[in-house]
Amino acid sequence: MAVREAYTDGASAMIQAIARHLEDDGDPQRTNERAIGLFTLLVGSLQAARAVTDPELSDRILEAAYANAVTLATAP
């Protein structure tokens, strides 16, 4: 249970840090949702890229994650 609580605290801190770097559109809930989306996209992509054995596929996963993260981060 302590590990999950520590992970929760760390994830929450990362999401808050991401949200601070997003353009404020006047809707804190929407900004927070975008930050959660970015966090989960990046964490999941990194996990998937490390899990596959094909280096080319791993690179493609990371490239796609980057492109999608930029799109999400710059969305209005």
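The values are calculated or read from the model by the stated rules, or taken from the named source; none is laboratory data. No experiment lies behind these values; they were computed from the predicted model shown. All Cβ positions, glycine included, derive from the backbone under ideal geometry; neighbour counts span all protein chains shown. Ligands, DNA and RNA are stripped out before the accessible areas are found, and what is left, the full protein with its side chains, is counted by its heavy atoms. Shrake-Rupley method; radii C 1.70, N 1.55, O 1.52, S 1.80 Å.
Here are the numbers for the structure shown:
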read-out	value
Lone qualifier among ARG4, ARG34 - being free of Cβ contacts under 8 Å to residues at least 60 places away in the same chain, of a type in the set (Lys, Arg) and over 16 Å from THR71 (Cα atoms)	ARG4
Count - residues of the range 47-67 that are closer than 22 Å to ALA11 by Cβ and open to solvent by 90 Å² or more (accessible area, probe 1.4 Å)	3
Residue list for the range 47-75, restricted to those being hydrophobic (A, V, I, L, M, F, W, C), modelled with pLDDT of 95 or more and not in a helix (DSSP H, G or I)	VAL52
Hits in the range 48-72 - residues which are touching a Ser or Thr at 6+ places or on another chain (Cβ under 9 Å) and of a type in the set (S, T, N, Q)	ASN68
Any hit, the range 25-46, residues being at pLDDT below 95, among the acidic types (Asp, Glu) and open to solvent by 100 Å² or more (accessible area, probe 1.4 Å)	yes
Test result for LEU22, modelled with pLDDT under 95, surrounded by 15 or more Cβ atoms within 10 Å (Cβ to Cβ) and of a type in the set (A, V, I, L, M, F, W, C)	yes
